[in-house]
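The values are calculated or read from the model by the stated rules, or taken from the named source; none is laboratory data. Note that the coordinates shown come from a computational prediction; the quantities given were computed from them, not determined experimentally. In this analysis, Cβ positions are derived from the backbone assuming ideal geometry, glycine residues included, and neighbour counts consider all displayed protein chains. Areas reflect the complete protein model, heavy atoms only, side chains present, ligands, DNA and RNA absent. Shrake-Rupley method; radii C 1.70, N 1.55, O 1.52, S 1.80 Å.
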Amino acid sequence: MGFKITKNNKTRYESIDWNNLRFGVYFSDHIFISKYKDGKWDGGEIIPYGEMPMEPGLCTLHYGQTIFEGLKAFRRVDGNGANLFRADKNAQRLNRSASLVCIPEYDVPTLLDGMKELVKLDNKFIPKQKGQSLYLRPVVFGSGNFLGVTASQEYMLIVMTSPVASYYAAGLNPVKIMVSDDHVRAVKGGLGAAKTAANYAASLYAGMDAHKKGFSQVLWLDGVNRKDIDEVGAMNIMFLIDGELITPSLDKGTVLAGVTRDTVLTLAREWGMKVTERNISIDEVMDAYKAGKLQEAFGTGTAAVISPVGQLTYKGTDMIINDMKIGPVSQKFYDTITGIQYGEIEDKHNWNIHVTF
Ligand code: COI
């Protein structure tokens, strides 16, 4: 640790509506910032959150050379500080995303120390209510100013933090999902496995279309045959079919290696469930539904944790899953993961990084 810290002389705390937190609306007092120049990253420092000067020629605005992460700190129920959940996994994934868009890697221990220091310094922003947390958003972008299509020579890494409630207004209530066969999120050989702005920009049109038609999110199919399932909204997807937990495998390169995905798969294997990471097509899901074998479906992600799917609509057919109710398996994953995060359930895997203050 030992970063230079420049404190904010005016807190943003009072401007937060703690009774209506929502997701990603408020920001805490400080950020961790680090700059890359002349072929190396500096050691990083903590400064007040605030406006940043920017030139119109900022390359990232034009060509999107940017990556990000999302992770959370939870106020422990025993009152002893906070748990930063699986931050090492997110830091490693940031570097995998970096390599796909030609961004220089960042030192994982320095990033972890920066995030811990930030949580410690802004600990009053960690919400006290169960179901709420302090969301950390690391972002790295090309900070050079030029118009040629080429990787930047200069970069900035910033970690901001935001006190958040549940990602969807529906919370853990099952949502209606539209299967998109008009729009795709990612293609093999593209950026689907990177947490980069392009994938989120690519999701906006279909997302808006789904909203207009009364759905919460889109289920993404592969970009070639429009048959194999990739992801749901900004999350990984899991199906419980005839007692088997199935999720699309990562090796196709169009799916993000979700940290919550990994958490769910680890727990499921420990619980003795049959778990399979493989290709699964929308036709297989339809067949399972028709045969009465589609028991549950849910999205997994840091922001929402578990998001049960109550309805999947594909080519005019509505598949109603588990009577639009939260299934027992989805509920068990949610309770166990959040239990570990808040320090109510033993953390056998050392997933939590304990931050004391
Ligand atoms: C997350 O679950 O952290 C996400 O990436 C979703 C999001 C883009 C807010």
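Using the structure shown, select from 124/332; 35/124; 72/124; 7/120; 89/293; 10/120 the pairs with a Cα to Cα distance greater than 23 angstrom. Check vs 23 Å cut-off fails for 124/332; 35/124; 89/293. Calculated FRET efficiency, residue 102 to residue 331, Cβ-Cβ distance, R0 = 30 Å: about 0.10 to the nearest 0.05.
Quote the charge dipole size of segment 47-114 about the Cα centre in Debye, to the nearest 20; the model charges only the Cβ of Lys and Arg (+1) and of Asp and Glu (-1).
On the way: 7 positive and 8 negative charges, 84 e Å.
Using only the charged Cβ atoms, the result is roughly 400 debye.
Angle of helix 197-212 to the longest C-alpha principal axis of the chain, folded into 0 to 90 degrees and rounded to 10: 50°. The stretch between residue 128 and residue 323, if pulled fully straight at 0.36 nm per residue, gains 66.9 nm over its current Cα-Cα span.
Using a 1.4 Å probe on the protein heavy atoms, what percent of the accessible area of the chain belongs to carbon and sulfur? Answer for the chain: carbon and sulfur cover 51 percent of the accessible area.
Taking 25 Å as R0, compute the FRET efficiency from the Cβ-Cβ separation of residue 350 and residue 204 and round it to 0.05. It comes to 0.10.
Comparing mean-square fluctuations of 138, 328, 127 from a GNM of the chain with C-alpha springs under 10 Å, the top value falls on 328. The slack between residue 151 and residue 170, meaning 0.36 nm per residue of separation minus the straight C-alpha distance, is 2.8 nm. Looking at segment 274-353, the accessible area is 44 square angstrom per residue; that uses a 1.4 Å probe and ignores ligands, DNA and RNA. A Förster radius of 45 Å combined with the Cβ-Cβ distance from residue 54 to residue 269 puts the calculated FRET efficiency at roughly 0.45.
In this structure the amide hydrogen of residue 44, modeled in the peptide plane, comes within under 5 Å of the amide hydrogens of 35, none closer than 5 places in sequence on its chain. With both residues required to sit in the chain, DSSP beta bridges show an antiparallel share near 80%.
Full extension of the segment from residue 213 to residue 188, taken as 0.36 nm per residue of separation minus the current Cα-Cα distance, would add 6.1 nm. Peptides 95-101, 306-312 ranked from most to least packed give 306-312, 95-101, packing being the mean of other C-beta atoms within 10 angstrom over each peptide's residues. Classify segment 4-165 from the C-alpha gyration tensor, please: rounded if a/c falls under 1.5, else prolate or oblate depending on whether a/b exceeds b/c. The shape class here is prolate. In this simple spin-label model, placing a label point 7 Å from the Cα along the Cα-to-Cβ direction at both residue 279 and residue 250 gives a separation of 2.0 nm. Take the Cα of residue 37, step 7 Å toward its Cβ, do the same at residue 62, and the gap between the two points is 2.1 nm. Whole angstrom only: what separates the Cα centroid of segment 289-357 from the Cα centroid of segment 94-122? Taking the Cα centre of segment 94-122 as reference, the centre of segment 289-357 is 27 Å away.
Once you keep just the Cα pairs under 8 angstrom separated by 6 or more residues, what percentage relative contact order results for the chain? Numbers along the way, then the final one.
Values: 754 pairs, mean separation 68.7, N = 357.
Contact order relative to length: 19 percent.
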